[in-house]
1. Go over the candidates ASP166, ASP122, ASP187, ASP150 one by one and state the one that is part of a loop (DSSP other than H, G, I, E, B), of a type in the set (Asp, Glu) and within 25 Å of TYR249 (Cα to Cα).
2. In the list GLY71, GLY88, which residue meets the criterion of being under 17 Å from the mean Cα position of the chain (by Cα), in a loop (DSSP other than H, G, I, E, B) and at pLDDT 95 or above?
3. Give me a count of the residues in the range 124-164 that are touching a helix residue (DSSP H, G or I) at 6+ places or on another chain (Cβ under 7 Å) and without any contact (Cβ under 8 Å) to a residue 60 or more places away in the chain.
4. Test ILE112 against the criterion of being touching a residue at least 40 places away in the same chain (Cβ under 8 Å), outside any loop (DSSP other than H, G, I, E, B), surrounded by 15 or more Cβ atoms within 10 Å (Cβ to Cβ) and under 16 Å from the mean Cα position of the chain (by Cα), and give yes or no.
5. Here is a list of conditions, (1) touching a strand residue (DSSP E or B) at 6+ places or on another chain (Cβ under 7 Å); (2) modelled with pLDDT under 95; (3) among the small types (Gly, Ala, Ser), and GLY160 meets all of them except one; can you say which number that is?
6. When the range 153-176 is examined, which residues are found to be of a type in the set (Val, Ile, Thr), crowded, with 24+ Cβ neighbours inside 10 Å and farther than 17 Å from VAL230 by Cα?
7. Here are ILE45, ILE21, ILE93: which of them is among the β-branched types (Val, Ile, Thr) and at pLDDT below 60?
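The values are calculated or read from the model by the stated rules, or taken from the named source; none is laboratory data. The model shown is predicted, which means the values in this text are computed figures rather than measured ones. Because the Cβ atoms are built from the backbone with ideal geometry, glycine has one as well, and the counts that use them run over all protein chains shown.
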Amino acid sequence: MRRLLQSFPLMFTRILIPILIFSVFMAAYLKYFERKGIYYPTKEIELTPIDVGLKYDDVFFDTDDNLKLNGWFIPAEDPRGTLLFCHGNAGNISHRIEIIRVFNKLDLNVFIFDYRGYGRSDGSPTEEGLYRDAQAAYKYLLSRKNIDKDAIVIYGKSIGANVAIDLSSKVKAAALISESGFSSAYDMGRELFPYLPVKWMITIKYDALTKIKNIPAPKLIIHSQDDEIVPFKLGKKLFEAASPPKEFYQMQGGHNEAIFMAREEYSVKIDNFLGRYLSAIGSNLYR
């Protein structure tokens, strides 16, 4: 018994040290994942709207922390509103030409912008930085004289949906469209690292779940049941937390492919949603 008691500290050390090393390694990995594994910006502009026959204004505007961002304003011939487009975490605005065309055909002006560090925009991406960039884009739209300021629809895809939800919680929007968004970084972390205490190991939040509860604008939540990047259940969780009026559109197909597998149905869903709520703007129901 004495020998066992004497050996216990050594046994404990041999068990504890590997656990500590593993924990430190995983914490370092998660920090690296926060910095490098979330944002995948590219600088090269591969296409512009003119390449698909769309006129556009190439604009630069400033953030409140003195960065210059780049965006495109694509006008519709007879616009019923203006879509503020918050894109996903990879590429830049030039990789969203096809979805821009979808929205433009729905008689929407489209204003898409690159976050800091993406495309021709200054800086490096961070969670708070993306929120600031979306606010700067909204402020830029308000400065334009050729749009209806009461008919701004805020749209976001993937991480852009979380950015769009944050923006919609701070400004007036005619409607919010969230596509492939997630409830929070914590929930995403639990999906990726189910056996780790991710709540204490990551600093980003992207807490759309809390914010969406208090957004008065009509909401369309879109998510594919086959999404291999953002689990479907996190999109449903967002919808369930959202305050009415709200609608849910369940798609099929991968994270980036779903819209192109059902382009016509997708267009009809958004067209009907906007038809219900943009037409109500004049009655002051959603101001």
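1. ASP150
2. GLY88
3. The qualifying residues number 6.
4. So ILE112 passes the test.
5. Only one criterion in (1) touching a strand residue (DSSP E or B) at 6+ places or on another chain (Cβ under 7 Å); (2) modelled with pLDDT under 95; (3) among the small types (Gly, Ala, Ser) is unmet by GLY160, namely (2).
6. VAL153, ILE154, listed by residue number.
7. ILE21
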